[in-house]
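One structure is given here, and the rest of the page talks about it.
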Amino acid sequence: MKPLSVLLFAGAALASLFSSACASDPVISEARIAKWEPSIAAFEKKDAESPPAEHPVVFVGSSSIRMWDLKATHPDLNAINRGFGGSIIADSLYFADRIILPYEPKAIVLYAGDNDIAAEMTPEEVAADFKKLSKLIETKLPGTPLLYIAIKPSVKRWDMWPDMKAANDLIAAYCAETADRYFVDIAPVMLGADGKPKAELFKSDGLHMVPEGYAAWKTVLDPILQKALSPKG
């Protein structure tokens, strides 16, 4: 990884440009930016005190990422967790210059979209934000794999599943036709024989997962991540 001073300077430059680009997006309000600033600043403080290894796999997104114990599930993977709970795809997009791009990651794993649908965004809007993030990564980090973990079916938000599945389908189609983009469909391992979410994979809130939920995700993610990290050619 580049020296921290260089990264911070580059991040500041990107921030000014990218903030202007996002200023017209009604989702990215000043209040929303202020809400996440302490979390983002905490990541930067942690990096300054203990710089991560070069070219990690960056896991980013909402609370399902934030609560993921990567050391337990992927002890041999050079990975860092940059999840911040309650976030939507547009938040990771806005803060990409601070929580994704500086690491020059070997790959990026994203889970977001859950809160987007809960906030009454349409499947098309969710897919559009994913495409924006994808294009930013391709511009700034050409050839870097981006893996999208599908919006999960959950007990708490089961009534939203039709819209979540529609967003998943749009993003899956985009990934299928776009180089270095991978759709990680975790829905089949989270649904029971009755076609509904397996309650045993969730905490009492019916939304966040217990370790068994992450273990189920791992069975789907790891083969795709291995493929994404394999040398091309």
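Which of the numbered conditions does GLU44 fail, given that it passes all the others? Conditions: (1) more than 25 Å from THR139 (Cα to Cα); (2) modelled with pLDDT of 95 or more.
Evaluating GLU44 over (1) more than 25 Å from THR139 (Cα to Cα); (2) modelled with pLDDT of 95 or more leaves (1) as the failure.
Name the helices (runs of 4 or more DSSP H) wholly inside region 48-144 in which the number of residues that are in contact with a His (Cβ under 8 Å, 6 or more places away or on another chain) and surrounded by fewer than 22 Cβ atoms within 10 Å (Cβ to Cβ) is 1 or more.
Of the helices (runs of 4 or more DSSP H) lying wholly inside region 48-144, those with at least 1 residues that are in contact with a His (Cβ under 8 Å, 6 or more places away or on another chain) and surrounded by fewer than 22 Cβ atoms within 10 Å (Cβ to Cβ) span 63-66.
With the requirement that a residue be crowded, with 23+ Cβ neighbours inside 10 Å and either touching a helix residue (DSSP H, G or I) at 6+ places or on another chain (Cβ under 6 Å) or of a type in the set (Ser, Thr, Tyr) (or both), what does region 157-170 give you?
The answer is MET164, ALA167.
Do you know which residues across region 185-197 are outside any helix (DSSP H, G or I) and buried (at least 18 other Cβ atoms within 10 Å of the Cβ)?
Of everything in region 185-197, those that are outside any helix (DSSP H, G or I) and buried (at least 18 other Cβ atoms within 10 Å of the Cβ) turn out to be ILE186, PRO197.
Which of the residues spanning region 100-128 are among the hydrophobic types (A, V, I, L, M, F, W, C) and free of Cβ contacts under 8 Å to residues at least 12 places away in the same chain?
Let us first name the residues in region 100-128 that are among the hydrophobic types (A, V, I, L, M, F, W, C), namely 100-101, 107-110, 112, 117-119, 121, 126-128.
Answer for region 100-128, where residues must be among the hydrophobic types (A, V, I, L, M, F, W, C) and free of Cβ contacts under 8 Å to residues at least 12 places away in the same chain: just ALA128.
Taking region 157-184 on its own, how many of its residues are in a helix (DSSP H, G or I) and under 14 Å from the mean Cα position of the chain (by Cα)?
Within region 157-184, residues that are in a helix (DSSP H, G or I) and under 14 Å from the mean Cα position of the chain (by Cα) number 2.
Is there any pair linking a residue in region 69-90 that is without any contact (Cβ under 8 Å) to a residue 40 or more places away in the chain to one that is of a type in the set (D, E, K, R), with Cβ under 6 Å and at least six apart or on different chains, and which?
GLY83/ARG66; GLY85/ARG66
Give the residues of region 200-233 that are at pLDDT below 95 and in a helix (DSSP H, G or I), sorted by residue number.
Matches in region 200-233: none.
Among the numbered conditions (1) more than 20 Å from LEU70 (Cβ to Cβ); (2) in contact with a strand residue (DSSP E or B) (Cβ under 8 Å, 6 or more places away or on another chain), tell me where GLY192 comes up short.
Among (1) more than 20 Å from LEU70 (Cβ to Cβ); (2) in contact with a strand residue (DSSP E or B) (Cβ under 8 Å, 6 or more places away or on another chain), the lone unmet condition for GLY192 is (2).
Check off (1) part of a helix (DSSP H, G or I); (2) among the small types (Gly, Ala, Ser); (3) in contact with a strand residue (DSSP E or B) (Cβ under 7 Å, 6 or more places away or on another chain); (4) buried (at least 20 other Cβ atoms within 10 Å of the Cβ) for SER154 and give me the number that stays unchecked.
SER154 satisfies every listed condition except (1).
The values are calculated or read from the model by the stated rules, or taken from the named source; none is laboratory data. It should be emphasised that the depicted structure is a prediction, and the values quoted were computed from it without experimental measurement. Quick reminder, even Gly has a Cβ in these numbers, built from the backbone with ideal geometry, and neighbours come from all protein chains shown.
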